[in-house]
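Before any comments, here is the structure.
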Amino acid sequence: MLVKGVVFYLESDLPPEAKFLLEDFRLTVNNAIRAGLQARVTSRNALCRLAYKDLRQEHPRMYAKHLVSAFEVAGSILRNHRKRVRKGVACRIPFVKRLMMKAENQAYKLDRKSGVIDLPIRAGCHVVLRLIVSQYHRKYLDDTALSLGSLTILPDRVIVAFRKDAPKPYAPDSVISLDTNERSVDGLFAKGDDIKALKAEFPDVAMIQQRHHDRRKRLQKKKAHDRRISRELCRTEGAREHHRIDYRMHQVADSILKFAEERKSAIVLEDLKGIRAKRSKELNRRLSMWPRRKLHQIIEYKAQWKGIPVFKVDPRNSSRTCPICGRVQDSRMGIEFRCECGWHLDRHINASINLLQTAISNGMAGGLRFNPGAFQHDVMMILYDPVTGARSEPNGTSGICVAT
Ligand SMILES: [Zn+2]
């Protein structure tokens, strides 16, 4: 079952009854967390058995399903907490700070035509939430293949979970293999003997990382006298960096998936699981893997949602191997890959040829054949162009859009 959360804003503020419910819910979650910590339980059912009676007495009129869903939320927080304790990451007793509540799918009604939510508060008291529905939202509301999951309510917006069974991936006619790098995704589109290079560049992602890194450094120095403020400011900085990169990665992923869907291609990615750059602090940050991991995550879940087959292969030696004669070189420096046998090609694209060969020799891409000799050296397809792709940022921090 695949789940996608869609954010809706409300036509007007939350009614006061709903605000009280949010506060009650938060209180219940925090109480359940405390009870769970004392009794060392983390599952919803165990928490229910443990604390239902007490909390029922404290909130005698709260709708019973909301109470159960509070245990669910508390359980997942407790499980995360336990994981971090086991990892040895020192952390404080968890609690929910911001106002929120989660309603199970039987605990609310959404009229998908009008976009109106009917939320029960307690016996005899319901509130109506009117959602702002755009074309984007219509796509989900009108799709009958999607069923409704849980509803998360925040003071200014709600998140509706849409669920569907994972569609069966199509049988591919062609294949795209992608080598993910710091500033671009480089790859190959192969359909029989039609083999072309692909490129999707995101040079501003590395720049954003650099800029936010510098800014955090500066903040730490400036606020060295107050660790609390320094930490808080750095956290805000980090969230902003995350959002900006996330946004770009979604755009890159969308353009790749659109290309693949139109040509009925399978996608081959390198498996980034074991890859870690642990050398020096400086290099570590420069080679930060998370934008690339994020991109893969986005590609994978969106492809699953659309039924596009994705294969992951071990990238070992992919940037050092000659796809024609099979020699493995010692160095991986330079923009161009040159082999003694005469083969030469852009190093990143060469890596994607090797990824595709690994995928095919592992029997992943169905009955597709592949002959690297048929590669067309003079053709380059641009999947994503950052100049037209990214939203301009008026503060001039994006290197692409120079403030005038
Ligand atoms: Zn060679």
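Brief remarks on what is shown
- Set Val96, Val133: member being within 16 Å of Val6 (Cα to Cα) and in a loop (DSSP other than H, G, I, E, B): Val133
- Restricted to region 59-112, and to residues there that are among the aromatic types (Phe, Trp, Tyr) and open to solvent by less than 100 Å² (accessible area, probe 1.4 Å), the residue that is farthest from Leu47 (Cα to Cα) is Tyr108.
- Selection within region 35-54: residues that are in a helix (DSSP H, G or I) and either touching a residue at least 40 places away in the same chain (Cβ under 8 Å) or open to solvent by less than 10 Å² (accessible area, probe 1.4 Å) (or both). The member of this set that is farthest from Pro94 (Cα to Cα) is Ala51.
- Residues (surrounded by 12 or more Cβ atoms within 10 Å (Cβ to Cβ) and free of Cβ contacts under 8 Å to residues at least 60 places away in the same chain) located in region 113-127: Val116, Ile117, Asp118, Pro120, His126
- One residue stands out among those in region 181-217 that are of a type in the set (D, E, K, R) and open to solvent by less than 10 Å² (accessible area, probe 1.4 Å): the one that is farthest from Arg235 (Cα to Cα), which is Asp186.
- Matching entry among Ser319, Ser352, Ser398 (being in contact with a helix residue (DSSP H, G or I) (Cβ under 6 Å, 6 or more places away or on another chain), at pLDDT 75 or above and crowded, with 18+ Cβ neighbours inside 10 Å): Ser319
- Residues located in region 294-345, provided they are hydroxyl-bearing (Ser, Thr, Tyr) and either away from the ligand (no atom under 16 Å from the Cβ) or in a strand (DSSP E or B) (or both): Tyr301, Thr321
- Restricted to region 148-163, and to residues there that are open to solvent by 40 Å² or more (accessible area, probe 1.4 Å) and out of contact with any Gly (no Cβ under 9 Å at 6 or more places or on another chain), the residue that is farthest from Ala103 (Cα to Cα) is Asp156.
The values are calculated or read from the model by the stated rules, or taken from the named source; none is laboratory data. From a predicted model like this one, the values you see are computed outputs, not experimental measurements. Note that we place each Cβ from the backbone using ideal geometry, even for glycine, and neighbour counts take in every protein chain shown. Calculation scope for accessible area: heavy atoms of the full protein, side chains included, ligands and nucleic acids excluded. Shrake-Rupley method; radii C 1.70, N 1.55, O 1.52, S 1.80 Å.
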